[in-house]
1. Do you know which residues across the stretch 174-210 are at pLDDT 95 or above and of a type in the set (Val, Ile, Thr)?
2. Taking the criterion of being over 14 Å from Val189 (Cβ atoms), assigned to a loop (DSSP other than H, G, I, E, B), among the aromatic types (Phe, Trp, Tyr) and over 11 Å from the mean Cα position of the chain (by Cα), would at least one residue in the stretch 113-133 satisfy it?
3. Test Ala157 against the criterion of being out of contact with any Lys or Arg (no Cβ under 8 Å at 6 or more places or on another chain) and part of a helix (DSSP H, G or I), and give yes or no.
4. Exactly one of these conditions fails for Ala80: (1) in contact with a strand residue (DSSP E or B) (Cβ under 8 Å, 6 or more places away or on another chain); (2) at pLDDT below 95. Give me its number.
5. Pairs under 8 Å by beta carbon, first residue closer than 16 Å to Ile138 by Cα and in a loop (DSSP other than H, G, I, E, B) in the stretch 163-186, partner at pLDDT 85 or above and not aliphatic (A, V, I, L, M), six or more apart or different chains?
6. How many residues are of a type in the set (D, E, K, R), within 30 Å of Lys201 (Cα to Cα) and touching a residue at least 40 places away in the same chain (Cβ under 8 Å) when one looks only at the stretch 88-120?
7. So, Leu105, is that one assigned to a loop (DSSP other than H, G, I, E, B) and either in contact with a helix residue (DSSP H, G or I) (Cβ under 6 Å, 6 or more places away or on another chain) or within 19 Å of Leu141 (Cα to Cα) (or both) or not?
Amino acid sequence: MLLPPRDVSASAITGPARPCEIQDFISRTIGTFRDRSCVIAPGRGTNERVRLQTEFPPGDQSGEDERMIQEVHFLPQANAEHLVPLKREGIISITGSNYPRARLLRGWRRVLRLVFDDTEKPIPGGVHFDQEHAKAVIVWLDAVESVIDKVFVHCHAGKRRSGAVALFIAQRYEIPGGIHVYEGYNPLVYKKLVRAWKTRKISRSRSKWR
């Protein structure tokens with residue numbers, strides 16, 4: 001059940017495990033897994049199309065167990081580019097329309113790349129977060145929730161866009177304990193994610209009765 005946002009000043013959303021400590025991840029050994037699923041949702045007004053890949057290696061089928069996402073963290077792009085992922089970790093990489101894509105290290109179990117700007121209203125030449133982006137996040141979560149335990153979300157500053165997405169993930173999966181959110185998360189991104197999630201639930205409920 002999605003709960004109303006909590007306006008508490010802090011640096012990350014975490015689950016019941018240890019707090020997010022960047023140095024802990026920098027010291028890890030680079031894994032051997034490559035990015036196996038990627039969504040690019042650039043939004044309207046760009047030449048790129050939304051691209052969804054759901055390729056699973058042998059023995060790595062989504063739904064093979066009932067494990068769900070247990071932790072979510074958000075952070076700046078500069079820190080995300082130094083993270084060395086563990087086997088069951090995924091990342092949502094958010095970059096602006098005029099910024100280069102993040103140079104993530106190999107080893108992430110699943111990767112979602114989104115391109116949109118940190119705005120609350122459409123601006124000339126900018127890429128506005130829309131329902132296409134929101135649906136891409138939800139589709140990606142559905143595809144990875146049984147094969148990853150932890151999700152990292154980054155944007156340029158690690159505050160507004162990534163904070164909104166991380167807040168939505170924490171509330172969707174009812175991640176217990178240690179939930180903190182930036183006061184400045186982007187409300188438009190959060191609201192559109194919640195709206196897309198509610199619409200999806202209603203559509204699924206109706207289809208069961210047909």
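The values are calculated or read from the model by the stated rules, or taken from the named source; none is laboratory data. Fair warning: this is a prediction, and the values are worked out from it, not measured in the lab. Note that each Cβ is placed from the backbone with ideal geometry, even for glycine, and that neighbours are counted across all protein chains shown.
1. Those that are at pLDDT 95 or above and of a type in the set (Val, Ile, Thr): Val189, Val194.
2. Among the residues of the stretch 113-133, not one is over 14 Å from Val189 (Cβ atoms), assigned to a loop (DSSP other than H, G, I, E, B), among the aromatic types (Phe, Trp, Tyr) and over 11 Å from the mean Cα position of the chain (by Cα), which makes the answer no.
3. So Ala157 does not fit the description; no.
4. The failed condition is (2).
5. From the stretch 163-186, the pairs are Tyr173/Gln70; Tyr173/Glu145.
6. Residues flagged as of a type in the set (D, E, K, R), within 30 Å of Lys201 (Cα to Cα) and touching a residue at least 40 places away in the same chain (Cβ under 8 Å) within the stretch 88-120 amount to 7.
7. no
Yes or no, residue by residue, for (1) touching a Ser or Thr at 6+ places or on another chain (Cβ under 8 Å); (2) closer than 12 Å to Ser162 by Cβ; (3) of a type outside the set (Ser, Thr, Tyr); (4) at pLDDT 95 or above:
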| site | (1), (2), (3), (4) |
| --- | --- |
| Asp65 | yes, no, yes, no |
| Arg88 | no, no, yes, yes |
| Thr95 | no, yes, no, yes |
| Arg101 | yes, no, yes, yes |
| Arg113 | yes, no, yes, yes |
